[in-house]
Ligand code: IPD
Ligand code: CA
Ligand code: CA
Ligand code: CA
């Protein structure tokens, strides 16, 4: 599948920022690390990557708005799409010298009636250290470069490898996560916590993982990844089972049978109607 103009713009921005991240990786003493919460870190590398992506995307589409993890929301023409950007997903890994982090860029279109934001129509997750670009466009499928992606065909929990994200100090609900983990853990072949939600979802789209759940996410963590999963034939919902146009906060994902089995276990763990 030939890359569309839009995906080419996203890939160029991600590759340019990824080059900066590759240079900064391992240089933690020069990265001016600060905290946004007790254990929520941000560094010069996050900000520089975000600036690079912003400059590239703005040049390509001057009237589109932005939702940027670090700089916040920048309004554009409300009739035009907007970019949703996580310039460095996996900051903790990055700052600890763990080679597992990504850049996530998505495009969300405005609703036709002008009543807010609608579907995510394109997404790219770029992993600088492996030079892999996972990309998807609405109704054009999910791809790793020019190879079509499909979610895995595993149908039983006992053969499924599940990714998740855990709460950390000052962020998330340890009690809730532990209840879900206790329900899902004994049923599955394995659980992984790699520390970059966008890659968890991209790897699910690629059939490397079979399922995923996490709470307390943000649109920049999930916008591209959820489109990748859907375009790879997978299912994504919140903990109530709703398939929202942009996934946010709570996400449970998988191929058809595993999404519903994971969702059922999760709802059971949180006792049905009391799910937040
Ligand atoms: C984090 C990662 C992590 C997830 C956290 C996110 P950041 O993003 O995606 O996997 O568990 O909830 O905040 O801060 O490294 O961009
Ligand atoms: Ca962050
Ligand atoms: Ca993130
Ligand atoms: Ca980030």
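Of note, residue 196 satisfies the criterion of being outside the structural domain of residue 35 (by TED's automatic domain parsing), modelled with pLDDT of 95 or more, within 13 Å of the chain's Cα centre (by Cα) and buried (at least 22 other Cβ atoms within 10 Å of the Cβ).
A quick yes/no check of all residues on (1) within 16 Å of ligand 3 (Cβ to nearest atom); (2) more than 30 Å from residue 187 (Cα to Cα):
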| site | (1), (2) |
| --- | --- |
| 87 | yes, yes |
| 103 | yes, yes |
| 119 | no, yes |
| 130 | no, yes |
| 138 | no, yes |
| 145 | no, yes |
| 153 | no, no |
| 160 | no, no |
| 165 | yes, no |
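Taken over the range 159-176, the criterion of being out of contact with any helix residue (DSSP H, G or I) (no Cβ under 7 Å at 6 or more places or on another chain) and either at positive phi or modelled with pLDDT of 95 or more (or both) is satisfied by 159, 161, 164, 170, 172. Right, residue 201: away from ligand 1 (no atom under 11 Å from the Cβ), touching a residue at least 24 places away in the same chain (Cβ under 8 Å), within 25 Å of residue 135 (Cα to Cα) and buried (at least 22 other Cβ atoms within 10 Å of the Cβ) or not? Here the answer is no, as residue 201 does not meet what is asked. The single condition among (1) surrounded by fewer than 17 Cβ atoms within 10 Å (Cβ to Cβ); (2) modelled with pLDDT of 95 or more; (3) within 16 Å of ligand 3 (Cβ to nearest atom) that residue 212 does not satisfy is (1).
Of the residues that sit in the range 44-73 and are in a strand (DSSP E or B) and in contact with a helix residue (DSSP H, G or I) (Cβ under 8 Å, 6 or more places away or on another chain), which one is farthest from ligand 3 (Cβ to nearest atom)? Before you say what the answer is, go through the steps one by one.
As a first pass, look at the range 44-73 and keep what is in a strand (DSSP E or B): 65-68, 72-73.
From what is left, the residues that are in contact with a helix residue (DSSP H, G or I) (Cβ under 8 Å, 6 or more places away or on another chain) are 66-68.
Details: 66: 15, 67: 12, 68: 12 Å.
Within the range 44-73, the match that is farthest from ligand 3 (Cβ to nearest atom) is 66.
Of all the numbered requirements in (1) over 24 Å from residue 99 (Cβ atoms); (2) more than 16 Å from ligand 3 (Cβ to nearest atom); (3) touching a residue at least 60 places away in the same chain (Cβ under 8 Å), residue 219 misses one, and that requirement is (2).
With respect to residue 60, is the statement that it is more than 16 Å from the chain's Cα centre (by Cα) and closer than 30 Å to residue 138 by Cα true? Step through it out loud before you land on a result.
Working: more than 16 Å from the chain's Cα centre (by Cα): yes; closer than 30 Å to residue 138 by Cα: yes.
Spelling it out, residue 60 is indeed more than 16 Å from the chain's Cα centre (by Cα) and closer than 30 Å to residue 138 by Cα.
Any residue at all in the range 24-43 that is in contact (Cβ under 8 Å) with a residue 60 or more places away in the chain, within 16 Å of ligand 3 (Cβ to nearest atom), out of contact with any helix residue (DSSP H, G or I) (no Cβ under 8 Å at 6 or more places or on another chain) and assigned to a helix (DSSP H, G or I)? No - not one qualifying residue is present in the range 24-43. The residues listed here are 262, 266, 228, 258; of these, the one that is within 16 Å of ligand 1 (Cβ to nearest atom) and assigned to a helix (DSSP H, G or I) is 228. Restricting attention to the range 24-38, the residues being out of contact with any strand residue (DSSP E or B) (no Cβ under 7 Å at 6 or more places or on another chain) and at negative phi number 8. In the range 89-101, the residue that is nearest to residue 166 (Cα to Cα) out of those that are within 10 Å of ligand 3 (Cβ to nearest atom) and in a loop (DSSP other than H, G, I, E, B) is 90. Checked across the range 15-22, the condition of being without any contact (Cβ under 8 Å) to a residue 24 or more places away in the chain and farther than 26 Å from residue 147 by Cα holds for no residue.
The values are calculated or read from the model by the stated rules, or taken from the named source; none is laboratory data. All figures in this text were calculated on a predicted structure; none of them were measured in a lab. Every residue, glycine as well, gets a Cβ built from its backbone with ideal geometry; the counts of neighbours run over all protein chains shown.
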